[in-house]
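Some notes on the structure that comes next.
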Amino acid sequence: SQTIHQWPATLVQPVGSPLSLECTVEGTSNPNLYWYRQAAGRGLQLLFYSVGIGQISSEVPQNLSASRPQDRQFILSSKKLLLSDSGFYLCAWSGPGGLGPDTQYFGPGTRLTVL
Amino acid sequence: KQEVTQIPAALSVPEGENLVLNCSFTDSAIYNLQWFRQDPGKGLTSLLLIQSSQREQTSGRLNASLDKSSGRSTLYIAASQPGDSATYLCAVDSGYALNFGKGTSLLVTP
């Protein structure tokens with residue numbers, strides 16, 4: 001079966017500090033990978049998606065970036081965090097092994113607070 | 001741009017009641033629609049996925065319907081239980097990504 005991991009679970013960082021959130025998927029190959037953010041009082045927003053190693057598409061202009069160094073690893077980064085980066089970050093996958101090619105499965109999330 | 005709206009924003013019902021959650025979307029050109037459940041501080045769990053060519057999907061006590069032409073979907077929960085308390089999110093797939101509503105927060109009281 002497939003599992004998706006995210007870490008850390010919670011993070012408190014000062015403004016201007018760097019960020020690295022990691023997501024890994026087990027039990028599937030060549031999945032599509034996604035990073036979403038859920039800000040307080042707002043719906044989920046797609047930040048990045050990837051259809052393969054080194055292939056990243058950005059949906060929202062921001063000070064965040066994403067990388068996919070391995071097939072089942074997706075990393076969200078920032079060089080300098082802003083207060084507005086606070087939120088709940090969710091990683092998701094879709095593809096082989098899912099109920100259908102379109103069904104997205106989400107990780108447990110990382111709650112980021114920028115002070 | 002696809003806009004997804006969920007009504008009501010919050011709902012409280014006594015245990016055993018049947019209930020309906022509503023989702024509407026502005027662009028009917030969709031691939032599919034999914035309903036998710038999110039427990040406080042947790043990730044999302046996929047409940048049901050309806051392809052654009054389908055009218056409804058059922059899983060246990062859950063039934064989701066889709067009327068693509070009118071831009072509406074409903075999630076019907078039969079015989080609600082306290083364990084159903086969570087936020088329910090509707091998401092529309094218009095291509096490679098999902099557009100989410102803000103969710104309906106459901107509380108089922110014993």
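The values are calculated or read from the model by the stated rules, or taken from the named source; none is laboratory data. None of these values were measured; they are calculated from a predicted model. We place every Cβ from the backbone using ideal geometry, glycine too, and count neighbours over all the protein chains shown.
Among the residues of the range B:13-58, just one is under 13 Å from B:Gly103 (Cβ atoms), in a loop (DSSP other than H, G, I, E, B) and in contact with a strand residue (DSSP E or B) (Cβ under 7 Å, 6 or more places away or on another chain), namely B:Asp39. Scanning the range B:36-46 for residues that are touching a residue at least 40 places away in the same chain (Cβ under 8 Å) and closer than 14 Å to A:Tyr105 by Cβ, we see that the one that is surrounded by the fewest Cβ atoms within 10 Å (Cβ to Cβ) is B:Arg37.
Counting the residues of the range A:3-23 that are of a type in the set (S, T, N, Q), more than 14 Å from chain B (Cβ to nearest Cβ) and either under 18 Å from A:Gly98 (Cβ atoms) or over 14 Å from the mean Cα position of the chain (by Cα) (or both) gives 2.
For the range A:68-89, the tally of residues that are free of Cβ contacts under 8 Å to residues at least 60 places away in the same chain and on the phi < 0 side of the Ramachandran plot stands at 13.
For the range B:71-104, name all the residues that are small (Gly, Ala, Ser) and modelled with pLDDT under 95. Once the filter is applied, which keeps residues that are small (Gly, Ala, Ser) and modelled with pLDDT under 95, the range B:71-104 yields B:Ala91, B:Ser94, B:Gly95, B:Ala97, B:Gly101, B:Gly103.
Checked against the criterion of being of a type in the set (Lys, Arg) and in a loop (DSSP other than H, G, I, E, B), the range A:34-49 has at least one qualifying residue.
Give the range B:25-55 a look and list any residue that's among the aromatic types (Phe, Trp, Tyr), closer than 10 Å to B:Val92 by Cα and at the interface with chain A (Cβ under 8 Å from one of its Cβ atoms), or say none. Show your work before the answer.
First, pick out the residues of the range B:25-55 that are among the aromatic types (Phe, Trp, Tyr): B:25, B:31, B:35-36.
Checking which are closer than 10 Å to B:Val92 by Cα leaves us with B:25, B:31, B:35.
The one that is among the aromatic types (Phe, Trp, Tyr), closer than 10 Å to B:Val92 by Cα and at the interface with chain A (Cβ under 8 Å from one of its Cβ atoms): B:Tyr31.
If the condition is being loosely packed, with under 14 Cβ neighbours inside 10 Å and part of a strand (DSSP E or B), then the range B:59-83 contributes B:Ser59, B:Asp67.
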